[in-house]
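*Asks:* One structure, pasted below without further comment.
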Amino acid sequence: MDQRPDDGISPYRILSRAEWARLRADTPMTLSAEEVTRLRSLHDRLDFKEVEEIYLPLSRLLSMYVAATQRLFRSRSASRRQRACCKRRLRAGRMCRRSIS
């Protein structure tokens, strides 16, 4: 596969298969070799090693993305509730102990 050189401008990173496989870190393999074989489609070359080297790091990346998105949503929701509370208090002529950003 032809890869573009890293020019420092792209938001994407180019990783070798070995570098990508290391991103698995300590993500446990929860499928047995038999289960991987059953998941294989008719013309798929999927094997146990590929699941460990490619799909586990991808699964870990997606899990981290979902967790970060959920934290961001909770943070924004809390911030919006706080601002709404302060605005109501100020409209009622009372001081708000929290700052409005």
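The values are calculated or read from the model by the stated rules, or taken from the named source; none is laboratory data. What you see is a predicted model, and the numbers here were worked out from it, not measured in a lab. So basically every Cβ, Gly included, is an ideal-geometry build from the backbone, and we count neighbours across all protein chains shown.
*Asks:* Which residues, counting only those in the stretch 29-44, are modelled with pLDDT of 85 or more, surrounded by fewer than 11 Cβ atoms within 10 Å (Cβ to Cβ) and not in a helix (DSSP H, G or I)?
*Replies:* Thr30, Ser32, listed by residue number.
*Asks:* Right, next: Search the stretch 32-59 for residues that are of a type in the set (S, T, N, Q) and pair each with any residue that is modelled with pLDDT under 85 and surrounded by 11 or more Cβ atoms within 10 Å (Cβ to Cβ) when their beta-carbon atoms are under 8 Å apart and the residues are at least 6 apart or on different chains.
*Replies:* Note: pairs meeting the criteria are Ser59/Thr27.
*Asks:* Just checking, does the stretch 8-26 include any residue being modelled with pLDDT of 80 or more, exposed (fewer than 10 other Cβ atoms within 10 Å of the Cβ), among the small types (Gly, Ala, Ser) and part of a loop (DSSP other than H, G, I, E, B)?
*Replies:* Looking for residues that are modelled with pLDDT of 80 or more, exposed (fewer than 10 other Cβ atoms within 10 Å of the Cβ), among the small types (Gly, Ala, Ser) and part of a loop (DSSP other than H, G, I, E, B), one finds at least one in the stretch 8-26, hence yes.
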